[in-house]
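Asks: First, the structure itself, so that you have it in front of you.
The values are calculated or read from the model by the stated rules, or taken from the named source; none is laboratory data. Since this is a predicted model, take the numbers as computed values, not measurements. Cβ placement follows ideal geometry from the backbone for every residue including glycine, while neighbour counts extend to all protein chains displayed. These area figures cover heavy atoms from the full protein model, side chains too; ligands, DNA and RNA do not enter into them. Shrake-Rupley method; radii C 1.70, N 1.55, O 1.52, S 1.80 Å.
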Amino acid sequence: MSVKTVLNLSYLLRNHVPYFTVLQAKQCHAQTIVQGLLPNLKLENDLLLLYSRFSVYRNARNVFDKMRKRNMRSWNIMIALCTDNSMYKDVFTIFSELRSCGLRPDNYTLPPLFKAAIGVCNSGFGKIFHGFVIRLGYEGYVVVSSSALDFYVKCGAMHEARSVFSNMLYRDSVAWNLMISGFGKAGLYTEAIGCFREMVLLNGVIKVDYMIVPSVLNACGKEGDLMKGKEVHGYVVKNFVFAADAPIGNALIDMYGKCGCLNDSEKVFRTLRHMNLVTWTTMISCYGIHGKGEESLLLFKKMVDEGFLPNSVTVTAILASCSHSGLIDQGKHIFSSVYSDYGVEPTVEHYACMVYLLSRCGYLAEALDLLKSMKMNSSVTGSIWGALLAGCVMHKNVEIGEIAAHHLFRLEPNNASNYVALCGIYQSHGMLDSISTVRAKMRDLGLVKIPGYSWINIAGKAHKFYQGDLSHPLAHMIYKIIYEISNTQPLTLTNLLHDDTSF
């Protein structure tokens, strides 16, 4: 076997991959066999890499299994190939073989292993791989640390993600974006906003990626923090040409809508030069949550007239808008025609919107019939029965309320709110024995109703108020001001807390 021949073929395999087809790759492989060039570790690794770039698993595995010698590059290529093809079982099998050979993973092995752990949603595997990162000293490798961070974020383990993030020697925009979006998905909106502000302070060190902005704006909207949302908006105007970027514009519309500033949502909507279906859907949804159902319908029609066909999410938004505004005829028309007009198959979410609309308007029997007629009846979720139960509470309907409640007891056995809602229906009819039965069942199950609360965000701090709670340091001042605003007869703090007629 000529060394020159091997080197020439290796050069060909490495440097002409972009011009190869799968057939040519197989022909090169055949030539290595015909000319007796195998086994040769260098050539075999090149063949593995070639097949992996075409995602031809069977041929790559055939080369891999016949190799008499393998180095870390061989193992890494096969692990990456299996991960890219979502063959996670094979990933862990190959990794186990690697370990049995006395080898340890390196900085190229670990990122696809974390990706595989995400693929199988197995936190145990991910923690094992993180252990290798720490023991082998790979925490200083940005790609490895970012992979570990990505694993914890996608598994919702934000405490561990925060620890990985804190220990990273260098954080690129990918790592910051992961943390911000991770906090947002976990409902830790204050932390998400704080993380963004910290990144902005490091603007001389790390460039803020415009891809991060929608995640931050989403956190501001969910937190209801208008001041921080405006801060981010100002930063965007100074640093990005956001008018040309639909995702940022969409996030701004959504943020202002959720913070109660519908006029600002409309201003952003009108100034956007490039709109997509998400833009229209977001604005329709904003009108809906503000009870502007007629405006939602007008915008929906304008969207269709401009050539944007609604998808499933858009239909959910317009049906929800009809529900919030009690537009029952319009909602029925859209629901009955979405498939014939737009080719959208009604989903569970669409049925839920219609059940909610019918229920809150008092058409409880019709809502129950619609629910029973669902094609995906096995997919009926607690949210749909919950919508029906809420309507029964509103209209004090015992018969249908019991049907909805007992379905919810089966679907959500530990949700105390369903039991409390049924008690509310019984109480409206003075059915004391039925109330006692439900409460006894709650005691048997150890269920306690989580108290509702109001909250307000002042100077970046959320203040929560529970009924009858005096723990807030300014409680006495607050109740004094309530009295002055209400302009009623003087009331004691005790009366304010216990007399429901005080307000």
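Asks: Throw me the Rg/Rh for the range 280-432, computed over C-alpha atoms with Kirkwood Rh, two decimals.
Replies: Working: Rg = 16.3 Å, Rh = 16.0 Å.
Rg divided by Rh gives 1.02.
Asks: With a 10 Å radius around each residue's Cβ, average the other Cβ atoms per peptide and rank 141-148, 472-479, highest first.
Replies: On the way: 141-148: 22.1, 472-479: 12.8.
Top to bottom by mean Cβ count within 10 Å: 141-148, 472-479.
Asks: Along the Cα→Cβ direction, 7 angstrom out, place labels at residue 415 and residue 93. What is the inter-label distance in nm?
Replies: 4.2
Asks: Follow-up question, since we're still on this one. For the range 140-254, just the Cα atoms, rotate onto the principal axes and tell me the three extents in Å, largest first.
Replies: 37, 28, 22
Asks: While we're here: For the pair residue 312 and residue 210, what calculated FRET efficiency results from E = 1/(1 + (r/R0)^6), where r is the Cβ-Cβ distance and R0 = 25 Å, to the nearest 0.05? Spell out each step's value before the answer.
Replies: Working: r = 28 Å, r/R0 = 1.11.
Plugging the Cβ-Cβ distance into 1/(1 + (r/R0)^6) gives 0.35.
Asks: State, in angstrom, two size descriptors of the range 69-111 derived from its alpha carbons: Rg to one decimal place and Dmax to the nearest whole number.
Replies: Every Cα atom of the range 69-111 included, Rg and Dmax give 9.5, 26 Å.
Asks: Can you tell me the order of 325-331, 101-107 when each peptide is scored by its average per-residue count of other Cβ atoms within 10 angstrom, highest first?
Replies: For the peptides 325-331, 101-107, the packing ranking is 325-331, 101-107.
Asks: Still on this structure, I have one more. Roughly to the nearest percent, how much of the accessible area of the range 291-350 is carbon and sulfur, given a 1.4 Å probe?
Replies: On the way: 1630 of 2950 Å².
Answer for the range 291-350: carbon and sulfur cover 55 percent of the accessible area.
Asks: Across bins of 5 angstrom width beginning at 0, how are the C-alpha pair distances of the range 90-139 distributed, in whole percent?
Replies: Going from the shortest bin to the longest, the percentages are 5, 20, 33, 29, 12, 1.
Asks: Would you mind working out the accessible area per residue for the chain, using a 1.4 Å probe, and quoting it in Å²? Please list the in-between numbers first.
Replies: Working: 26620 Å² over 503 residues.
In whole numbers, the chain has 53 Å² accessible per residue.
Asks: Do you know the relative contact order of the chain, to the nearest whole percent, from alpha carbon pairs under 8 angstrom that are 6+ apart?
Replies: Working: 577 pairs, mean separation 24.5, N = 503.
It rounds to 5 percent for the chain.
Asks: Taking the structure as given and computing P(r) over Cα pairs in 20 Å bins from 0, in percent, which label from (1) 17, 38, 34, 10, 2, 0; (2) 23, 52, 22, 3, 0; (3) 20, 35, 25, 16, 4, 0 fits?
Replies: Computed from these coordinates, P(r) over Cα pairs in 20 Å bins from 0, in percent corresponds to label (1).
Asks: Find how much the distance from residue 42 to residue 127 grows on full extension, using 0.36 nm per residue of separation minus their present alpha carbon separation; answer in nm with one decimal. If you can, show how the numbers build up before the last one.
Replies: Values: separation 85, 0.36 × 85 = 30.60 nm, distance 3.35 nm.
Extra length from residue 42 to residue 127 when fully extended: 27.3 nm.
Asks: Continuing with the same structure: Among the listed pairs 154/258; 222/441; 26/69, which are separated by more than 31 Å between their Cα atoms?
Replies: On the way: 154/258 25 Å; 222/441 35 Å; 26/69 21 Å.
Exceeds cut-off: 222/441.
Asks: Go through 219-230, 296-307, 313-324 and give me the packing order, highest mean Cβ count within 10 Å leading.
Replies: Values: 219-230: 21.3, 296-307: 15.7, 313-324: 24.5.
Packing proxy ranking, top to bottom: 313-324, 219-230, 296-307.
Asks: Please give me the summed charge of the neighbours of residue 247: other residues whose Cβ is under 13 Å from its Cβ, Lys and Arg +1, Asp and Glu -1. Mind dumping the intermediate values first?
Replies: Details: positive: none; negative: 209, 245, 254.
Around residue 247, the charge tally is -3.
Asks: Report the extension gain between residue 289 and residue 454 in nm, rounded to one decimal, defined as 0.36 nm multiplied by the number of residues separating them, less their alpha carbon distance. Walk me through the numbers before you get to the answer.
Replies: On the way: separation 165, 0.36 × 165 = 59.40 nm, distance 1.87 nm.
Gain on extension, residue 289 to residue 454, equals 57.5 nm.
Asks: Largest first, what is the accessible-area ranking of 483, 235, 210 with a 1.4 Å probe?
Replies: 210, 483, 235
Asks: I need the semi-axes of the equivalent ellipsoid of the range 126-185: take the C-alpha gyration tensor, multiply each eigenvalue by 5, square-root it, list largest first in whole angstrom.
Replies: Working: eigenvalues 60, 34, 13 Å².
Semi-axes from the Cα gyration tensor: 17, 13, 8 Å.
Asks: Would you please give the FRET efficiency between residue 277 and residue 197, computed as 1/(1 + (r/R0)^6) with r the Cβ-Cβ distance and R0 = 41 Å, to the nearest 0.05? Write out the running numbers ahead of the final one.
Replies: Details: r = 32 Å, r/R0 = 0.78.
Result of the calculation: an efficiency of 0.80.
Asks: Between Rg and the Kirkwood Rh of the range 51-133, both from Cα atoms, what is the Rg to Rh ratio?
Replies: Values: Rg = 12.1 Å, Rh = 12.8 Å.
Over the Cα atoms of the range 51-133, Rg/Rh equals 0.94.
Asks: Percent of Cα-Cα pairs per 5 Å bin, from 0 to the last occupied bin, for the range 324-396, please list those.
Replies: Spelled out per bin, shortest first, that is 3, 17, 29, 26, 17, 6, 1, 0.
Asks: Turning to a different aspect of this structure: Along the charge dipole of the chain, which of 398, 133, 188 sits closest to the positive end, that is, farthest toward it, with unit charges on the beta carbon of Lys, Arg, Asp and Glu (+1, +1, -1, -1)?
Replies: Of 398, 133, 188, it is 133.
Asks: Next up: Counting alpha carbon pairs within less than 8 Å and at least 6 residues apart, what relative contact order, in whole percent, applies to the range 263-357? Intermediate values should be presented prior to the final figure.
Replies: Details: 102 pairs, mean separation 24.6, N = 95.
Averaging sequence separation for qualifying contacts and normalising by length gives 26 percent for the range 263-357.
Asks: With the crude spin-label approximation of a point 7 Å out along Cα→Cβ, what separation in nm comes out for residue 173 versus residue 481?
Replies: Roughly 4.2 nm, to one decimal.
Asks: How long are the three semi-axes of the equivalent ellipsoid of the range 42-187, in whole Å, if each is the root of 5 times an eigenvalue of the C-alpha gyration tensor, listed from largest down?
Replies: Details: eigenvalues 169, 46, 36 Å².
Here the semi-axes work out to 29, 15, 13 Å.
Asks: Put a dot 7 Å past each Cα toward the Cβ at residue 443 and residue 34; how far apart are the dots in nm?
Replies: According to this spin-label approximation, the distance is 8.7 nm.
Asks: In addition: Give the cross-link partners of residue 302 among the lysines, using a straight C-alpha distance below 20 Å as the criterion and excluding same-chain residues fewer than 8 apart.
Replies: Straight-distance partners of residue 302: 267, 292, 332.
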